[in-house]
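Undergrad: The structure's right below; bear with me while I get my questions together.
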Amino acid sequence: MSAHFTKEEILDFVCGEIADADKKQEIEEHIKSCAQCAAVEKEYRAVTDAANTLSVDFSEDIWKMQRDSIIRRLRKTESVFDKIRVFAAGLFEIKKIGVAFLLVLFIGAGATVYKHNKTLARDKAITEKMEFFENMEIIERLEFYEKVAEEVIDS
């Protein structure tokens, strides 16, 4: 291959992050024949080797502070499930409010229908009483006219 590999590709090669065996072989052969890419590879190997030999010896207090800090951040961060749970709880609250509203609406409608039916029943009873009294009045008039007719006939 005549073109050089990118520094990222060489770094991936040095760190062992290239899964494709043909690609690894191609980079390896190119580095053997290209001084510029070989220098980049040598530099990256020196850095990774140095990083692999580093040893960090912090006291247990420092590690405990770091662990506590990580735990606090993890607890503070909401998971997707927490967000879904909060959303569902909100929907449930809205659902409860909706059900309460419908319940109040139905109770109000029922009370209105009850009141209307009661008024109709009262009006019907009044109408029946009025008809009764009208019939009574008609009967009384008939009786009056019968008496008058009898008196006229008798006289």
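The values are calculated or read from the model by the stated rules, or taken from the named source; none is laboratory data. As the structure is a computational prediction, the values presented were derived from the model and not from experiment. Using ideal geometry, Cβ is built from the backbone for each residue, glycine included, and neighbour counts are taken over all protein chains shown.
Undergrad: Could you tell me whether any residue of segment 64-77 is on the phi < 0 side of the Ramachandran plot, out of contact with any Cys (no Cβ under 7 Å at 6 or more places or on another chain) and outside any helix (DSSP H, G or I)?
TA: yes
Undergrad: Same structure, new question: Could you list, in sequence order, all residues of segment 78-94 that are surrounded by fewer than 10 Cβ atoms within 10 Å (Cβ to Cβ) and not in a helix (DSSP H, G or I)?
TA: S79, the sole residue that qualifies.
Condition check ((1) without any contact (Cβ under 8 Å) to a residue 40 or more places away in the chain; (2) aliphatic (A, V, I, L, M); (3) outside any helix (DSSP H, G or I)) across all residues:
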{"residue": "F5", "(1), (2), (3)": "yes, no, yes"}
{"residue": "E8", "(1), (2), (3)": "yes, no, no"}
{"residue": "F13", "(1), (2), (3)": "yes, no, no"}
{"residue": "H30", "(1), (2), (3)": "yes, no, no"}
{"residue": "A39", "(1), (2), (3)": "yes, yes, no"}
{"residue": "A51", "(1), (2), (3)": "yes, yes, no"}
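Undergrad: If you don't mind, there's one more thing I want to ask. Here are some conditions: (1) exposed (fewer than 10 other Cβ atoms within 10 Å of the Cβ); (2) within 30 Å of E8 (Cβ to Cβ). R45 meets all but one. Which one does it not meet?
TA: Here R45 meets the rest and fails (1).
Undergrad: Would you call D61 acidic (D, E), surrounded by 10 or more Cβ atoms within 10 Å (Cβ to Cβ), at pLDDT 80 or above and in a helix (DSSP H, G or I)?
TA: No.
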